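Single-structure report; data block below.
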Amino acid sequence: MSRVPLLSSPFLLGFDEIERALDRVAKAADGYPPYNIERIARDNGRPERLRITLAVAGFTRDELDISVEKNQLAIRGRQRDEQTRQYLHRGIAARQFQRTFVLADGIEVLGADLKNGLLSIDLARPEPERVVKNIAITDHE
């Protein structure tokens, strides 16, 4: 069965990149690790921010990696399985994950913090400068 492109209308030209972004989001729909996204209001002259918080209990800073490439925020976690331990029951698996978020143009990653098993990543969209451009009118008389 062939897939019909989502934005295939002949009136929607140049939306190929949006369609690719939607495909990336659909592929990254795994439920692990769970996460929250919250909006943080402007304060003290700082712009409105977004905060992504992932539940990464058991991961250390060295086992987590955050990168941005082509407007895509990728968070990866890789735990090492300790061979020296002998488990009688193993309910907490040492598993790896990759969680991705597609970012709009202009979104900046401000920083990340790991506290009490929660990884928080702050994002902001700087206020665009208002540019007024006067257009000269030529007179052809």
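The values are calculated or read from the model by the stated rules, or taken from the named source; none is laboratory data. None of these values were measured; they are calculated from a predicted model. Heads up, the Cβs are rebuilt from the backbone with ideal geometry, glycines too, and the neighbour counts pull from every protein chain shown. These accessible areas exclude ligands, DNA and RNA; they are computed on the full protein's heavy atoms, side chains included. Shrake-Rupley method; radii C 1.70, N 1.55, O 1.52, S 1.80 Å.
Test R99 against the criterion of being touching a Phe, Trp or Tyr at 6+ places or on another chain (Cβ under 9 Å), at pLDDT 85 or above, surrounded by 10 or more Cβ atoms within 10 Å (Cβ to Cβ) and farther than 18 Å from T53 by Cβ, and give yes or no. Criteria not met by R99.
For region 30-49, the set of residues classified as open to solvent by less than 60 Å² (accessible area, probe 1.4 Å) and under 15 Å from V109 (Cβ atoms) consists of I40, P47, R49, listed by residue number.
Kindly indicate whether I92 is over 19 Å from I52 (Cβ atoms) and either not hydroxyl-bearing (S, T, Y) or not in a loop (DSSP other than H, G, I, E, B) (or both).
So I92 passes the test.
Cβ-Cβ distances below 8 Å connect the following pairs, each with a first residue in region 124-141 that is within 27 Å of E108 (Cα to Cα), a second residue that is modelled with pLDDT of 90 or more, and a separation of six or more residues or different chains: A124/R49; A124/L50; A124/I107; A124/E108; A124/L110; R125/I107; R125/E108; P126/E108.
Answer yes or no as to whether I52 is open to solvent by less than 70 Å² (accessible area, probe 1.4 Å), of a type in the set (V, I, T), out of contact with any Ser or Thr (no Cβ under 8 Å at 6 or more places or on another chain) and at pLDDT 70 or above. Against the criterion (open to solvent by less than 70 Å² (accessible area, probe 1.4 Å), of a type in the set (V, I, T), out of contact with any Ser or Thr (no Cβ under 8 Å at 6 or more places or on another chain) and at pLDDT 70 or above), I52 does not qualify.
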